[in-house]
Amino acid sequence: MDWSAAQYTRFEEERNRPIRDLLARIPTANVERAADIGCGPGNSTELLRARFPQAAITGMDSSTDMIAAARKRLPDVRFDVGDIATWPDPGPYDVILANAVLQWVPDHSTLLPALLGKLAAGGSLAVQMPDNLEEPAHRLMRETASAGPWADRLSNASAARTARLGADRYFQTLREAGATVDVWRTTYFHPLEGGAAAVVEWFKGSGLRPFLEPLDAEEKTAFLARYQTEVARAHPALPDGTVLLPFPRLFFIATR
């Protein structure tokens, strides 16, 4: 799937808030090397560098468009195109940040211990994932996909995102791998100006991508129009036209 850095950063301030919350809870004090895996357009890398200004920081993402944006944003940081699932760098790192990315990477039971193995003693793996698949905005993606002329082509679209494990499973997996684990869940309520159209624009930068990619231009327009109508019913605008978008997220920090 193609990522658009420009689309993703339309709501950068809202997307940055959970990153700041995650970084603030990292207990590792002496950070010399840090990596931002799934760095996107570099907004999370920028916040990682602000949190640990003394560290040598690198970024990695599978999208060439995202990496190009990140390099433009932070020209003094090394950014590489790569796949988290096959990331060959052995480390050791004092901090590995994975913000809003592991939901796209399969087999967390194997992946997370492997990432822990790239940490130095006392290092931390800091992870945040959207936990919103049962929220109306995502449920309506699936319903719109199954109800239109595109149903056959979109039958597997929701499988692009890895099913999130329960908090207890993440806690157990990481603790069995030798880490001390801090896990929590937060629901953010993002005020979006523009009503249902703003909700659609938000998810065009993330969750809608696997539903839109198989469609041609005319079908994309029809899909988005139908989806927006349903979103407007599920999230009616306030009198000033603002929609309050609920967005649950799961966080954990595993420290060796």
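The values are calculated or read from the model by the stated rules, or taken from the named source; none is laboratory data. The structure presented is a predicted model; accordingly, all values stated were derived computationally and were not measured. Positions of Cβ are backbone-derived with ideal geometry, glycine not excepted, and every protein chain shown enters the neighbour counts. Note: areas computed on protein heavy atoms with side chains; ligands, DNA, RNA excluded. Shrake-Rupley method; radii C 1.70, N 1.55, O 1.52, S 1.80 Å.
Table: residues versus (1) among the small types (G, A, S); (2) farther than 26 Å from T45 by Cβ; (3) touching a Phe, Trp or Tyr at 6+ places or on another chain (Cβ under 8 Å).
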| site | (1), (2), (3) |
| --- | --- |
| P75 | no, no, no |
| D89 | no, no, no |
| A100 | yes, no, no |
| D107 | no, no, no |
| K118 | no, no, yes |
| A121 | yes, no, no |
| A151 | yes, yes, no |
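Considering the range 133-159 alone, what residues qualify as being among the acidic types (D, E) and under 16 Å from R209 (Cα atoms)? Selection gives E143 alone. Between L238, L224, L245, L212, the distinction of being farther than 20 Å from L133 by Cα, out of contact with any Asp or Glu (no Cβ under 8 Å at 6 or more places or on another chain) and either of a type outside the set (G, A, S) or without any contact (Cβ under 8 Å) to a residue 12 or more places away in the chain (or both) belongs to L238 only.
Note on the range 115-149: residues that are modelled with pLDDT under 95, under 18 Å from G207 (Cβ atoms) and not in a helix (DSSP H, G or I) amount to 7. Here T162 meets the list (1) farther than 29 Å from V243 by Cα; (2) in contact with a helix residue (DSSP H, G or I) (Cβ under 6 Å, 6 or more places away or on another chain); (3) not hydrophobic (A, V, I, L, M, F, W, C) almost entirely, failing just condition (1).
In the set R164, R78, R139, only one residue is within 30 Å of A232 (Cα to Cα) and either without any contact (Cβ under 8 Å) to a residue 12 or more places away in the chain or loosely packed, with under 14 Cβ neighbours inside 10 Å (or both); that residue is R139.
If you take the residues in the range 12-61 that are open to solvent by 70 Å² or more (accessible area, probe 1.4 Å) and touching a Phe, Trp or Tyr at 6+ places or on another chain (Cβ under 8 Å), which one is nearest to D76 (Cα to Cα)? Once the filter is applied, the top-ranked residue is R33.
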